[in-house]
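The values are calculated or read from the model by the stated rules, or taken from the named source; none is laboratory data. None of the values given here were measured: they were computed from a predicted structure. Cβ: placed from backbone, ideal geometry, glycine included. Neighbour counts: every protein chain shown. For accessibility, only protein heavy atoms count, side chains too; no ligands or nucleic acids. Shrake-Rupley method; radii C 1.70, N 1.55, O 1.52, S 1.80 Å.
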Amino acid sequence: MLLSSPKDVREHTDSYYAASINNQSNYPSVEGDLNTDICVIGGGFSGVNTALELAEQGFKVVLLEANRIGWGATGRNGGQIIGGIGHKLEQFKRSIGDDGIKTIQQAGWECCEIIRERVAKYNIDCDLTWGYADVAIKPRHIDELKAFQAEQHAAGYPYQLEWVDAEQMREHHVNSDSYLGALVNKAGYGHVHPLNLCRGEAAAAASLGVHIFEQTKVTRVIEGDKPKVVTEKGSVSADFVVHCGNAYMGDLQPKLAKKILPSTSCVIATEPLGDLAEKIMPGNLAVCDPNTALDYFRLSADGRMLFGGLSNYTGLEPKDLVGTMQAKMIKVFPELTSAQVDFGWSGQMGIGINRMPQLGRLSKNVFYIQAYSGHGVAPTHLTARVTADMIAQQADRFDVFAKIQHWNWPGGKLFRRPGMALGMLWFKLLDEL
Ligand SMILES: Cc1cc2nc3c(=O)[nH]c(=O)nc-3n(C[C@H](O)[C@H](O)[C@H](O)COP(=O)(O)OP(=O)(O)OC[C@H]3O[C@@H](n4cnc5c(N)ncnc54)[C@H](O)[C@@H]3O)c2cc1C
């Protein structure tokens, strides 16, 4: 049995998000034995939204978080709301067919809408802003983005995707010489303060009766007709359990840990930039470049540059996080050479071998959701809905995802990292072509 010591229990990492959190109030820890319909493990977007969806459907839910709500990847990410679930869906045609692919494509559109509706319904204060751009670095990226634009419009994507050349891009959207143009989505994708979104969603869940516990690490799940979730100072017996620990789950459930590789990504936040903010980012968009180890950036509501990247599969934070990220940022925006960096942090995300979020069942009443491969702000909202629907006996969409095979990382625990590092190198080489 795994036991945690008080040293394992931590507050939010020191980040711009933690420094600008709306609601400082915390939730209690579990003490004693509880009974509920559904117990959700992990208080990130996956867990909080699963709990919220289930509470909206009238279930009694207990949500257990080892640290604080939003402590993991959810409270540390770039805040970019990007639709789409998985990539290269054609690879799954044999297992899910054309209809399955269409279902997942539409789910990829729906996930951003869930955030839009949720923020409006529960009046969540989280700096929600619409507007996003995929930028092109090499000529082949222009062709790829234009092909994506045509394919999305042909499939009925409900928002306009506009290709802008380098000059238009600099004038109206992203004022940098680093890119050859951009595919702009002004209304369907966007950005958000992710920690405030998640904490707002948790508050909504609590208002519907979800019992939320923080600093409550789950040490064991005893499966059976009525699974028992054991914590350091108590337990929760439930009809259903949902694992949402993702890259931070450790060894709680080795079968799940085998399917993901925790990978690190880093973010810095400058001081508020004043007028310079609008000069360099006139469109106030969230932006991603097309590399596998991508740069992603956007402005915060108070005009800071939030610049992220440096994804790596070693699971380690770089020695000089701020210096390394600052150099990347200045390459894109030389105007920021003298901007002070106020915050720098990193987080872990779960990467799956086929880059499709993993939903499934460990046994008839124990479910899991994980592995968004660096792209989970919006998709977590969809996988939470699908899992809640499944538990509420509406199985159709869950079964589509569950049919997709998720291989274990080869090489066992010891060799997963070097194996993946090699894979990453290969992808980096592709980026250079
Ligand atoms: C630096 C960074 C930047 C990113 N940028 C973006 C972006 O801009 N856009 C985007 O779409 N995606 C982005 N992502 C990915 C996105 O943040 C994640 O996919 C998403 O937040 C995953 O949410 P989750 O709830 O599944 O996992 P997490 O948010 O990691 O939550 C898991 C939670 O489970 C808890 N937990 C683990 N084990 C236990 C246990 N035994 N008992 C109780 N609780 C436990 C942890 O404490 C943690 O809070 C980024 C990720 C990182 C790290």
message = Suppose we flag GluC sites (Glu not before Pro) only when DSSP calls them loop and at most 16 other Cβ atoms lie within 10 Å. Which is the longest uninterrupted stretch of the chain?
response = 224-433
ask   = What is the diffusion coefficient of the stretch 241-283 in µm²/s, taking the Kirkwood radius over Cα pairs and the Stokes-Einstein relation at 37 °C with a viscosity of 0.692 mPa s?
value = 232
note = Placing one equal point scatterer on each C-alpha of the stretch 68-215 and summing with Debye, one gets log10 I(q)/I(0) at q = 0.10, 0.11, 0.12, 0.19 Å⁻¹ equal to -0.46, -0.55, -0.65, -1.19
request  = Quick one: order Ser178, Ser15 from most to least accessible surface, probe 1.4 Å.
outcome  = Ser178, Ser15
note = Semi-axes of the stretch 215-286 from the Cα gyration tensor (sqrt of 5 times each eigenvalue, largest first, whole Å) come to 43, 15, 12
query = For the charge dipole of the chain, defined by +1 on Lys and Arg C-beta atoms and -1 on Asp and Glu C-beta atoms about the Cα centroid, which residue among Gly83, Val184, Pro227 has the Cα displaced farthest towards the positive pole?
reply = Pro227
note = Residues other than Pro158 with Cβ under 11 Å of its Cβ, Lys/Arg counted +1 and Asp/Glu -1, net out at -2
message = Less than 21 Å apart at the alpha-carbon level, and either on another chain or at least 8 residues along: which lysines does that give for Lys279?
response = Lys186, Lys328, Lys331
request  = Starting from the alpha-carbon convex hull of the stretch 134-202, give the projected area averaged over all orientations, in nm².
outcome  = 6.0
query = Stokes-Einstein D for the chain at 10 °C, 1.306 mPa s, Kirkwood Rh over Cα pairs, in µm²/s?
reply = 72
request  = Do me a favour and compute the ellipsoid semi-axes for the stretch 1-152 from its Cα gyration tensor, root of five times each eigenvalue, largest one first, whole Å.
outcome  = 35, 21, 17
request  = Could you state the accessible area per residue of the chain in Å², with a 1.4 Å probe and every protein chain left in place?
outcome  = 42
Size of electric dipole in the stretch 3-84: Cβ of Lys, Arg +1 and of Asp, Glu -1, about Cα centre, debye, nearest 20 = 240
key: DSSP bridge pairs, the chain: antiparallel proportion in percent, nearest 5   = 70
inquiry  = Just to confirm a number: summing +1 for Lys and Arg and -1 for Asp and Glu over residues other than Gln24 whose beta-carbon lies under 12 angstrom from that of Gln24, what do you get?
reply    = +1
